[in-house]
Amino acid sequence: MPSCSPDTCVCKKTGGTEVAAAAAAPGTSFAPGDDSDSDVWGSSSPDPSLEATEEVSRDVAALKRRHENRGYLDGLTKGGELGLQTGFDAGYPLGAQLGGLVGQLVAETVWRASNGQISVQTRDAALAELRIDKVLSSEHFDSELHIADPALHPTILKWSCFYDSLLVGL
């Protein structure tokens with residue numbers, strides 16, 4: 001329990017140790033935003049030049065940390081951009097070719113369904129399998145996401161052969 005007098009205040013901290021703090025000089029008050037020169041936390045250094053050196057060291061360390069973080073983030077961003085561009089450049093021709101083949105098969109599916117050449121169930125099955133997210137699923141590519149021939153993609157091949165077989169039956 002605190003024991004206070006006009007000149008000192010003794011408080012019990014956790015563990016039973018006592019801490020004494022000198023009271024403010026009579027007539028001195030501390031209000032929020034008070035810009036007085038006294039340091040209420042008792043952290044002022046007896047040597048002002050030592051305090052300034054410590055403050056500069058902290059400022060320099062904080063500035064160094066900020067620059068290191070910013071440099072790291074800039075490097076990540078630039079590296080990611082270069083990697084993305086390289087991946088896009090390598091994958092675009094394959095994606096365009098697959099997209100073109102899927103587009104042709106979707107068009108043929110819709111056309112044949114509208115002419116009664118295939119059933120609604122066949123149309124729905126073809127359109128479900130020819131969704132681009134299913135065609136581009138990683139299971140259809142090697143470990144480096146390559147495919148030898150887009151025309152030999154299992155889904156493309158399945159529906160191409162199906163429509164070719166309809167031509168033979170005519």
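The values are calculated or read from the model by the stated rules, or taken from the named source; none is laboratory data. Computed from a predicted structure; not experimentally measured. Don't worry about glycine lacking a Cβ; one is built from the backbone with ideal geometry, like all the others, and counts go over all protein chains shown.
General observations
- Test: residue in segment 89-110 that is surrounded by fewer than 16 Cβ atoms within 10 Å (Cβ to Cβ), outside any helix (DSSP H, G or I), free of Cβ contacts under 8 Å to residues at least 40 places away in the same chain and at negative phi: no
- Scanning segment 120-134 for residues that are under 14 Å from residue 163 (Cβ atoms) and either in contact with a helix residue (DSSP H, G or I) (Cβ under 9 Å, 6 or more places away or on another chain) or at pLDDT below 95 (or both) yields a count of 6.
- If only residues of segment 133-145 that are loosely packed, with under 13 Cβ neighbours inside 10 Å and part of a loop (DSSP other than H, G, I, E, B) are counted, the one that is farthest from the chain's Cα centre (by Cα) is 142.
Matching residues to (1) assigned to a loop (DSSP other than H, G, I, E, B); (2) not hydrophobic (A, V, I, L, M, F, W, C):
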residue	(1), (2)
117	yes, yes
147	yes, no
159	no, no
163	no, yes
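- Residues of segment 101-132 that turn out to be under 17 Å from residue 157 (Cβ atoms), of a type in the set (Lys, Arg) and more than 38 Å from the chain's Cα centre (by Cα), as a count: 0
- Residue within segment 61-72 that is within 14 Å of residue 163 (Cβ to Cβ) and part of a helix (DSSP H, G or I) present: no
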